[in-house]
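I have placed the structure first, in the form of structure tokens, so that the comments after it can refer back to it.
What follows draws every value from the coordinates through simple rules; no lab data is involved. Please read all numbers here as calculations on a predicted model, not as lab measurements.
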């Protein structure tokens, strides 16, 4: 997911994205949505099935 898309999601949730890197912003969104703030920590499996970033987290190398 591109940073601009993440910023749009953050803004819709009332999160200020200024000065935050991608991972930190995603973790803040995860917390706001009631998920664990675990972006980038999963290796092969993630049990957060409702997380917006699940597929990108598992596919990206961090």
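Considering only 52, 25, 13, the Gaussian network model of the chain with Cα springs below 10 Å gives its largest mean-square fluctuation to 13. The C-alpha atoms of the chain define a longest principal axis, and helix 3-12 lies at about 70 degrees to it. In the chain, the longest principal axis of the Cα atoms and the axis of helix 22-32 are about 90 degrees apart. A full extension of the chain between residue 12 and residue 42 corresponds to an added length of 8.2 nm, given 0.36 nm per residue minus the alpha carbon distance.
Across the chain, the relative contact order, built from alpha-carbon pairs under 8 Å that are at least six residues apart, equals 25 percent.
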